[in-house]
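Some notes on the structure that comes next.
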Amino acid sequence: MNAQADTATQAGEGEYNFAYLDEQTKRMIRRAILKAIAVPGYQVPFASREMPMPYGWGTGGVQVTASILGRDDVLKVIDQGSDDTTNAVSIRAFFEKTAQVATTTRTDEATIIQTRHRIPEKALKEDQIIVYQVPIPEPLRFLEPRETETRKMHALAEYGLMHVKLYEDIARHGHIATTYAYPVKVDGRYVMDPSPTPKFDNPKMHEMDALQLFGAGREKRIYAIPPHTAVESLDFEDYPFEIQKFDRPCAICGAENVYLDEVVLDDRGGRMFVCSDTDHCEERRAAGHTGEAGGIPLKGEETAR
Amino acid sequence: MSAKPLPDEEPLLRASALTRLYGERIGCRDVTFELYPGEVLAIVGESGSGKTTLLDCLSTRLAPTAGIVEYRMRDGTMRDLFRLTEAERRLLMRTDWGFVHQHAADGLRMSVSAGANVGERLMAVGERHYGDIRGTALDWLSRVEIDESRIDDTPRAFSGGMRQRLQIARNLVTNPRLVFMDEPTGGLDVSVQARLLDLLRGLVSDLGLSVIIVTHDLAVARLLSHRMMVMRHGKVIETGLTDRVLDDPQAPYTQLLVSSILQV
Ligand SMILES: [Zn+2]
């Protein structure tokens, strides 16, 4: 690729470089990504750029995606597991407009998946990359607000504080109550915040076939988990790590051992639990699986969250 | 406090010609002494005498301008503290050393429970059994006379005296050999001070701790220390066994200090 070939011009709307960012910025971000891959779990600072969307809308993930996107890529964007939420729709539209890449909602068709909360239920493959939008990359921030100190802790692998946080959870709730942004140790070295994915998805990060990239726009950090890397969720010997358990299958497709969202059905308190991964649910229904709610359509419903 | 350490033992810490300047201004100058295992050394002086600068240099919180501080590591080797790697130095500080601050908020994590405050050092050195950590924390809370029912409260809910006692427990949980103290009773009510001093005295002798304590309060020095160094304008002007210095001060300035305390 060269800069000339990547320039996409849109009549009447001025010029966009391919995927919005200029080539120099993309090269800078790619260097940060390469460094992040070389040191799994280590937060690499990068010069985060202003994006035409507010912080909190995934500007870090968008910059990472923009820097790795090629013309032949097929992009999937999810938020809370769904392709249809405002955030997912607007990021997908952004890349359709600035890079004219193909987009999909199908996990197995995508070459790049940008996500805010979930990892798809279907195991990702070697030729896929998952890009996480991260609001707060620093797992030690909770107890140590000083950046100079947290850097030192990472450099010296002083991670006792992470267990202080888990200790507090058990002392207060009788169990480790952290359900999102559950800290992990990557490749036996760096402690990393997979924020804000639910801990249900932590085991999927372990030895994943796909490359995992994390971008935090406001905090100007990129980190990565290369394929086939050990990712261990922190815990205590007598309080081992556990994922969320759901005591029922998806009401629509009958899937078990998947992450479920509570869906409000009506104003009278009716509700049911359905797959948070909408693509997974639809694919199962297409294959003939049904749950207790049978063929109730998903469209037009609101999630409880 | 009496009972001197054995004279034939090797020193635990040695400061040689330790000097810290702040530009032209002198923090402390040319301080040389040895501290023996089980010994409590009080560094006394008025505000601005250099005693806190000296404490910070000894505890590696501040780099000296000149001079050497050596410490006998647990393996018996004498090491120049400012030539340790940062990892070695930080490990030393959270295992073999303690530091009790005047203001508890500087030495405690105010937003986490008393139990986690005590347990933090254990977790830092790899303890991964919640039940064991909690058991040790309970034991230490009772040793510093904090009711076990307070284990899940944060120090924000504690009185000043309790906070200092919690700070002490947090430091002692890894069985350090040397504890630095910076005016540990400063700002507390007299009756609270007395109780804290009693507790400290008991712990120091039970555990055979070596202590370097900075205080402006000669009564604290009298009660806790074996030996004293009197500082003025950054220099040590008198040093000796505590009882001797307080009962028979040699330097005119020490005589003045002692007489003014007697008037209080
Ligand atoms: Zn489903």
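Using the structure shown, decide if A:Met208 is in the same structural domain as A:Tyr55 (by TED's automatic domain parsing) and under 24 Å from A:Thr105 (Cβ atoms). Yes, satisfied. Has segment A:3-22 got any residue that is modelled with pLDDT of 85 or more, under 24 Å from A:Arg221 (Cβ atoms) and assigned to a helix (DSSP H, G or I)? No, segment A:3-22 contains no residue that is modelled with pLDDT of 85 or more, under 24 Å from A:Arg221 (Cβ atoms) and assigned to a helix (DSSP H, G or I).
Yes or no, residue by residue, for (1) within 23 Å of B:Arg128 (Cα to Cα); (2) within 12 Å of chain B (Cβ to nearest Cβ); (3) in contact (Cβ under 8 Å) with a residue 40 or more places away in the chain:
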{"site": "A:Gly160", "(1), (2), (3)": "yes, yes, no"}
{"site": "A:Ile170", "(1), (2), (3)": "yes, yes, yes"}
{"site": "A:His175", "(1), (2), (3)": "yes, yes, yes"}
{"site": "A:Val184", "(1), (2), (3)": "yes, no, yes"}
{"site": "A:Pro203", "(1), (2), (3)": "yes, no, yes"}
{"site": "A:Asp209", "(1), (2), (3)": "no, no, yes"}
{"site": "A:Pro227", "(1), (2), (3)": "no, no, yes"}
{"site": "A:Ile243", "(1), (2), (3)": "yes, no, yes"}
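Rundown of residues vs (1) assigned by TED's automatic domain parsing to the domain that holds B:Ala116; (2) free of Cβ contacts under 8 Å to residues at least 24 places away in the same chain; (3) of a type outside the set (Ser, Thr, Tyr); (4) in contact with a Gly (Cβ under 8 Å, 6 or more places away or on another chain), yes/no style:
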| residue | (1), (2), (3), (4) |
| --- | --- |
| B:Ile151 | yes, no, yes, yes |
| B:Ser159 | yes, no, no, no |
| B:Arg163 | yes, no, yes, no |
| B:Val211 | no, no, yes, no |
| B:Leu223 | no, no, yes, no |
| B:Ile237 | no, yes, yes, no |
| B:Leu241 | no, no, yes, no |
| B:Ser259 | no, yes, no, no |
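Could you say whether any residue in segment B:64-86 is within 14 Å of chain A (Cβ to nearest Cβ) and in a helix (DSSP H, G or I)? Yes, segment B:64-86 contains a residue that is within 14 Å of chain A (Cβ to nearest Cβ) and in a helix (DSSP H, G or I). Across segment A:91-106, a minimum of one residue is classified as assigned by TED's automatic domain parsing to the domain that holds A:Glu23, free of Cβ contacts under 8 Å to residues at least 60 places away in the same chain and either in contact with a His (Cβ under 7 Å, 6 or more places away or on another chain) or basic (Lys, Arg) (or both).
The set of residues from segment B:17-69 being out of contact with any helix residue (DSSP H, G or I) (no Cβ under 8 Å at 6 or more places or on another chain) and of a type in the set (S, T, N, Q) comprises B:Thr19, B:Thr32, B:Ser47, B:Ser49, B:Thr52, B:Thr53, B:Thr65.
Against the condition within 14 Å of another protein chain (Cβ to nearest Cβ), within 20 Å of A:Gly160 (Cβ to Cβ) and not acidic (Asp, Glu), how does B:Asn175 come out, does it pass? Against the criterion (within 14 Å of another protein chain (Cβ to nearest Cβ), within 20 Å of A:Gly160 (Cβ to Cβ) and not acidic (Asp, Glu)), B:Asn175 does not qualify.
Here is a list: B:Leu91, B:Leu18, B:Leu55. Which entry is assigned to a helix (DSSP H, G or I) and either in contact with a Lys or Arg (Cβ under 9 Å, 6 or more places away or on another chain) or more than 14 Å from every other protein chain (Cβ to nearest Cβ) (or both)?
B:Leu55
Scanning segment A:245-271 for residues being free of Cβ contacts under 8 Å to residues at least 24 places away in the same chain, assigned to a loop (DSSP other than H, G, I, E, B) and within 11 Å of the ligand (Cβ to nearest atom) gives a total of 1.
The values are calculated or read from the model by the stated rules, or taken from the named source; none is laboratory data. Because the structure is a prediction, the values reported are computed rather than measured. Don't worry about glycine lacking a Cβ; one is built from the backbone with ideal geometry, like all the others, and counts go over all protein chains shown.
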